[in-house]
Amino acid sequence: MTAQEKFQGFDFNENPYEAEARSLWGDAAVDQSAAKLTALSPEGRNAMGKEMSALFAELASLRGEDPACAAAQAGMDKLFRYFNRSFCTYTPQAFAGLGQMYVTDERFTQNIDRFGEGLSRFLAEAMAVYAKNKANQ
């Protein structure tokens, strides 16, 4: 990952996957997420992208850990809360499903692994543990 790629951040100014997301998760979830993003100024969307990039870089530092360890699960809680605050309401099961997409959809894998080789796999495993723990509470 080049220095420019590390600091360019996620781009929330457009969603090339909107139609696909609607077919997978339905209009309500996509509309909720779009409403949150639309309410932000372009600068706000850029800041949000940088915040998400920083969070993924932080999580990349954990990828050598056991996905079930306390530090990894604290990171998953931070990610879960960020997604719920920033996009739409995720159930723990939907959060785990998103993690599975990180490893089954090459577009997600490539985008996420630019923060560190194997991050997508680590996140998928850690998100599944997080969802299981939440279900058992």
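The values are calculated or read from the model by the stated rules, or taken from the named source; none is laboratory data. Not measured: the values here are computed from a predicted model. Heads up, the Cβs are rebuilt from the backbone with ideal geometry, glycines too, and the neighbour counts pull from every protein chain shown. These accessible areas exclude ligands, DNA and RNA; they are computed on the full protein's heavy atoms, side chains included. Shrake-Rupley method; radii C 1.70, N 1.55, O 1.52, S 1.80 Å.
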Return the residue satisfying two criteria in turn: it lies in the range 1-40 and is of a type in the set (Ser, Thr, Tyr) and part of a helix (DSSP H, G or I), and of such residues it is modelled with the lowest pLDDT. Ser33
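One line per residue, one yes/no per condition, for (1) in contact with a helix residue (DSSP H, G or I) (Cβ under 6 Å, 6 or more places away or on another chain); (2) of a type in the set (Gly, Ala, Ser); (3) part of a helix (DSSP H, G or I); (4) more than 22 Å from Leu24 (Cβ to Cβ):
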| residue | (1), (2), (3), (4) |
| --- | --- |
| Met52 | no, no, yes, no |
| Glu58 | no, no, yes, yes |
| Ala71 | no, yes, yes, yes |
| Arg85 | no, no, yes, no |
| Thr89 | no, no, no, no |
| Arg121 | yes, no, yes, no |
| Tyr130 | yes, no, yes, no |
Let me spell it out: the conditions are (1) closer than 13 Å to Ala124 by Cα; (2) without any contact (Cβ under 8 Å) to a residue 24 or more places away in the chain; (3) part of a loop (DSSP other than H, G, I, E, B), and Val103 meets all of them except one. Which number is the exception? (3)
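So that you can scan it fast, the table gives a plain yes or no per residue for (1) of a type in the set (Gly, Ala, Ser); (2) touching a His at 6+ places or on another chain (Cβ under 9 Å); (3) open to solvent by 30 Å² or more (accessible area, probe 1.4 Å); (4) over 17 Å from Ala135 (Cα atoms):
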site	(1), (2), (3), (4)
Leu59	no, no, no, yes
Ala68	yes, no, yes, no
Ala72	yes, no, no, yes
Met76	no, no, no, no
Phe80	no, no, no, no
Arg85	no, no, yes, yes
Tyr90	no, no, yes, no
Phe95	no, no, no, no
Tyr102	no, no, no, yes
Here is a list: Ala124, Ala54. Which entry is open to solvent by 30 Å² or more (accessible area, probe 1.4 Å), farther than 22 Å from Gln32 by Cα and without any contact (Cβ under 8 Å) to a residue 60 or more places away in the chain? Ala54
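On the given criteria, is Gly64 out of contact with any Pro (no Cβ under 9 Å at 6 or more places or on another chain) and either modelled with pLDDT of 95 or more or part of a loop (DSSP other than H, G, I, E, B) (or both)? Before the answer, list the steps.
On the way: out of contact with any Pro (no Cβ under 9 Å at 6 or more places or on another chain): yes; either modelled with pLDDT of 95 or more or part of a loop (DSSP other than H, G, I, E, B) (or both): yes.
Yes: the conditions hold for Gly64.
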In the range 104-115, how many are open to solvent by 10 Å² or more (accessible area, probe 1.4 Å) and closer than 19 Å to Ala57 by Cβ? 7
Pick out the one residue from Lys78, Lys50 that is out of contact with any Ser or Thr (no Cβ under 9 Å at 6 or more places or on another chain), farther than 18 Å from Glu117 by Cβ and at pLDDT 95 or above. Lys78
If you go through Asp66, Asp77, Asp31, Asp27, the only one that is charged (D, E, K, R) and under 14 Å from the mean Cα position of the chain (by Cα) is Asp77
Residue hits (the range 41-50; more than 18 Å from Tyr102 (Cβ to Cβ) and either of a type in the set (Asp, Glu) or in a helix (DSSP H, G or I) (or both)) are Pro42, Glu43, Gly44, Arg45, Asn46, Ala47, Met48, Lys50
